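Okay, structure first, notes after.
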Amino acid sequence: MQYLFSLYAILLCTVLPLYMKSGYYNLGEAKAKCYFALSIPFFIIFLTGYVYEYVKNKRKEQCKNSEKLTTAQYFFYGTLVSCLITYMFSIDKKTAFWGYEGWRTGLFSTIMSLAFCFFFRKWKRQGKLIFYIVMIIPFLEFILSILNRFGNYPFAIEGKNPSFLATLGNIGWFSGYLSIWVPVGIGIMYIQKEFSMNFFISGGYTIAGLIALLIQGSNGAALIIMSSYLLLLWCSLSDREAIKRFLIQLLILGISMTIVDILLLFFHKKYNYENNILIGLCEKHVGLVLIAVAFFAYSLLRLFEEINVEYSEKLTKRIYSIGMISGAATAIFFLLNNFSDSFGNGRGLILRLSARVFEGFSGWQRFVGIGQDCLYVYALENEELKGLFIDAFGGSALTNSHCELFTILIERGILGAFLYLGLFISILIKLIKARKRESAAIIYALPIISYFVYNQVSFAQLTSTPYIYLIIGMAMTI
């Protein structure tokens, strides 16, 4: 069975990102069908194997000695149950089950993701060969997206456009993909022995991923970098050696930003997208500042070691917490004073309309939702909302709120949103606690926090969500 786990992971990580039926045309639908075709046979095999193993253990009465469920597992099973309850009361059973055409984030794809999350608790760590095979396609996607952003297309893709990158589709889909695979690289490099072969290989992968993230064109990408590095810093405050490893990652970020600055200096006319926050920071030479900060802080740590200055984890974490609270308060103040329909590239309008939808729910609908991918269906059935949506988006369908938590609040209600938050928070707490005795915990924690934070200005989709649930499944038994 372990070989089948490995085979599924390889196929999901290599075939799904690359598959394009008609270039960028109807790419979402093509990816969905690819995901279903890959997953259904393995779902049947894994489910059959699980049932067989359960029955065998039941006969041996081994189930009496089963392990106690963790908090994360309770939230996981609760999420599964809430999805089924929501479907029972959905306003459009077909859409709620299969998902909206071209999008397909309905009950079926969610159940698939949750099922493989459950199955992959049993996947044992594999050798380096499988690891390299899994990581090679993300690396190639990084390189391809960098070439695309500077107007270079190594092979013809139908419907090519600066809003689409690599073989992942529009910037939102591509950023969601990066929110998984770039933090994975950061985590892998972080735990390697300095200057080993794996250290340099993972370093090259991480730099390529960071460059792809910095230049792809989404301001939301800043959240991926911020959440990953802030969590990494918190996890590194336990001792000086861990802080040194963090400073190496900060140095890598600075190097990546400097490379972007150099690329823009020489190829600015070929850059085919508008400037954004990250591009502006790179052009202001922030990368060089980070490199200088990393070297200075590293030297300072070495000096403190030489003169035997005692290190206080409690003090450094207190300073960190004060900084985080101050930063969060400033961000909230900024949002409250700058929120409008145009905020976040039109997300303000989407959130306002989504709030109008939720206000119209009955008490029961607010608790269990209206069904997955049913936001637009619900709006079209209400004359007032229909007029607002048509005025705002013309004939385009708004399938989600561009905030995953808000989308789940509408689709699965307060119950589903509570369980969604509980699952992510509980698994992150578990991983942070486990990081000292299990180094791989940080590899799982970084993409989970990155995906969660980024998706509060984005959405679940089939080239990122299935991966994050595989990671959560593997992380559950750490």
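General remarks:
- The alpha carbons of the range 116-235 occupy a box of 41, 33, 29 Å along the principal axes, longest dimension given first.
- Cβ-Cβ distance of Val55 and Gln456, R₀ of 41 Å, FRET efficiency by 1/(1 + (r/R0)^6): the value works out to about 0.45.
- Estimated 222 nm signal from helices in the chain, with DSSP H stretches of n ≥ 4 weighted -39500 (n - 2.57), rounded to 500: -24000 deg cm²/dmol
- Each part reduced to its alpha carbon centroid, the range 38-60 and the range 66-99 end up 20 Å apart.
- Distance between the 7 Å Cα→Cβ label points at Thr48 and Arg356: 5.2 nm.
- Shown here for the range 1-110: trypsin sites (Lys or Arg not before Pro) in loop regions (DSSP other than H, G, I, E, B) with at most 13 other Cβ atoms within 10 Å, namely Lys21, Lys60, Lys68.
- Each Lys or Arg adds one and each Asp or Glu subtracts one; over the other residues with Cβ under 13 Å from the Cβ of Thr167, this totals +1.
- When its C-alpha radius of gyration is set against 2.2 N^0.38 Å (N residues), the range 397-445 gives a value of 1.52.
- Cα shape, the range 174-332, gyration tensor, a/c 1.5 rule: prolate
- Selection of GluC sites (Glu not before Pro), the range 357-462, meeting DSSP coil and at most 16 other Cβ within 10 Å: Glu381, Glu438
- Exposed chymotrypsin sites (Phe, Trp or Tyr not before Pro) absent: longest stretch of the chain, with sites in DSSP loops and at most 12 other Cβ within 10 Å deemed exposed: 196-478
- Length added when fully stretched, Tyr298-Glu383, from 0.36 nm per residue minus Cα-Cα: 24.4 nm
- Between the range 208-258 and the range 130-172, the Cα center-to-center distance that results, in Å: 22
- Subset of Lys21/Lys122; Lys58/Lys122; Lys68/Lys93; Lys56/Lys94 violating a 27 Å alpha-carbon distance limit: Lys21/Lys122; Lys68/Lys93; Lys56/Lys94
- Length added when fully stretched, Asp341-Lys314, from 0.36 nm per residue minus Cα-Cα: 5.4 nm
- Debye log10 I(q)/I(0) at q = 0.10 Å⁻¹ for the range 239-327, Cα point scatterers: -0.38
- Contact order, relative form, for the chain: 25 percent (alpha carbon pairs under 8 Å, 6 or more residues apart, mean separation divided by residue count).
- Label corresponding to Cα extents along the principal axes in Å when calculated from the structure given, among (1) 73, 61, 51; (2) 68, 64, 47; (3) 87, 56, 51: (2)
The numbers here are math on the coordinates, done by the rules we state, and not lab data. Keep in mind the model is a prediction, meaning the values are calculated, not measured. Counting neighbours? That spans all protein chains shown, and the Cβs are built from the backbone with ideal geometry, glycine included.
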